[in-house]
1. Need the full-extension length gain, Gln301 to Arg331, defined as separation in residues times 0.36 nm minus the C-alpha distance. One decimal, nm.
2. Helix-derived [θ] at 222 nm for the chain: sum -39500 (n - 2.57) over DSSP H runs of at least 4, divide by residue count, nearest 500?
3. Would you mind checking the stretch 129-162 for residues with the amide N under 19 Å from a putative spin-label position 7 Å along Cα→C-beta of Lys180?
4. Using a 1.4 angstrom probe on the protein heavy atoms only, could you order Ile194, Ile53 from most to least accessible area?
5. Ranked from the most accessible area to the least, with a 1.4 Å probe and all protein chains present, what is the order of His332, His170, His52, His138?
6. May I ask for the Rg/Rh ratio of the stretch 211-343, computed from Cα atoms with Rh as the Kirkwood radius, given to two decimals?
7. I want to check the label-to-label distance for Ala241 and Asn165. Put each point 7 Å from Cα in the C-beta direction and report it in nm to one decimal.
8. Mark the label point 7 Å from the Cα of Arg112 along Cα→Cβ and return the residues of the stretch 318-334 whose backbone N is within less than 19 Å of it.
Amino acid sequence: MTHTHSVKSAPRHAALGLTDEQAVAMYEKMILARKFDERGQLLQRAGKVNFHISGINQEPSQVAMAFAMDLKNDWFLPYYRDYAFVLSLGMTVKELMLSLFAKGEDPNSAGRQMPGHFGAKRLRIVTGSSPVTTQVPHAAGFALAAKMRGERSVSLVSFGEGSSNQGDFHEGCNFAGVMKLPVIFVCQNNGYAISVPLSKQTAGRISDRALGYGFPGVQVDGNDVLETYRVFKEAHDRALAGEGPTLVEIVTYRVTPHSTSDNDLVYRTKEEVEIHKAKDGIPAYRRYLTEAGLWSEEQEQELQARIREEIDEATEYGERAPFQAVEDAFRHVYAETANGEAI
């Protein structure tokens with residue numbers, strides 16, 4: 001990535017099967033997610049929204065994994081920091097703002113869930129719940145259904161490294177390994193489970209756990225966009241070929257507090273955070289695109305202006321949108337009988 005001459009003669013993205021347009025689109029999604037996330041933090045500080053949970057610094061790897069998937073046939077079970085991932089799958093900033101403001105039009109849950117609890121039927125994003133890791137066995141279930149139906153479909157489930165110590169993770173992995181299911185387990189290891197550092201959670205490498213369940217585990221640097229894409233493309237190909245699951249451990253770092261309700265300086269130093277901020281994968285990827293002749297300062301300014309306008313419009317829309325009406329409080333809660341009565 002740092003050798004200009006090698007980039008020009010053989011671009012890494014082209015060798016991986018990515019077009020120039022896709023390589024640029026990946027960068028644009030990263031910037032969109034970063035700016036949305038920053039706006040969410042500002043809105044919470046201004047008292048406009050109650051709560052925000054950030055995925056800053058994890059955008060490069062999230063975008064890479066989304067671009068490696070088949071958006072028409074695969075199933076996606078994200079976790080609460082996956083803004084860049086769901087934006088890359090097709091969610092809009094307006095939809096995320098409606099969730100942030102907890103408004104009735106919010107397609108994820110009509111404003112009932114906390115922000116970051118994604119669900120979109122049209123995008124094959126499976127609704128998540130607040131107890132962490134419950135989405136892992138669900139992902140194995142979607143993969144089992146695809147296998148039983150003979151569909152060329154892969155399920156991808158993501159979670160934090162704290163979640164990898166929960167029973168749901170182990171049960172999901174064990175079942176998927178036994179049944180050789182087309183599922184990709186993604187541990188976004190950002191160093192902290194709320195206030196507990198990795199050193200106090202896990203003794204070994206998370207990716208090594210896959211060996212006990214009979215499938216490969218891969219550890220990848222989340223700041224290296226193209227290497228992350230390569231790893232996910234390979235895992236996706238394996239799943240479609242009937243070779244079973246893969247566990248991908250993305251090594252990243254949470255540069256923000258766990259949420260806007262958290263004071264992270266109680267359990268770590270500002271110096272530690274600054275060291276990791278300097279490793280941000282977005283500027284590195286921008287340098288790569290520039291060296292490859294795909295990006296310029298003029299394009300950067302145009303993109304920043306366009307995204308600013310999109311986020312401003314979405315913020316205004318989200319703020320003005322009505323809350324869910326009282327009479328709709330029980331919509332989608334109870335099943336209906338044939339005559340329209342709730343059970």
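1. Working: separation 30, 0.36 × 30 = 10.80 nm, distance 4.40 nm.
Value of the extension gain: 6.4 nm.
2. So the helix-based figure for the chain works out to -13500 deg cm²/dmol.
3. 140-155, by backbone N distance to the label point.
4. Working: Ile194 90, Ile53 10 Å².
Accessible-area ranking of Ile194, Ile53, largest first: Ile194, Ile53.
5. On the way: His332 150, His170 60, His52 0, His138 95 Å².
Descending accessible area places them as His332, His138, His170, His52.
6. Values: Rg = 23.0 Å, Rh = 20.7 Å.
Expressed as Rg/Rh, it is 1.11.
7. That separation, rounded to one decimal, is 3.6 nm.
8. Backbone N within reach: 322-334.
The values are calculated or read from the model by the stated rules, or taken from the named source; none is laboratory data. As the structure is a prediction and not an experimental result, all values here were calculated from the model. Here the Cβ is made from the backbone with ideal geometry for all residues, glycine too, and neighbour counts use every protein chain on show. Please note that ligands, DNA and RNA were not included when accessible areas were found on the heavy atoms of the full protein model with its side chains. Shrake-Rupley method; radii C 1.70, N 1.55, O 1.52, S 1.80 Å.
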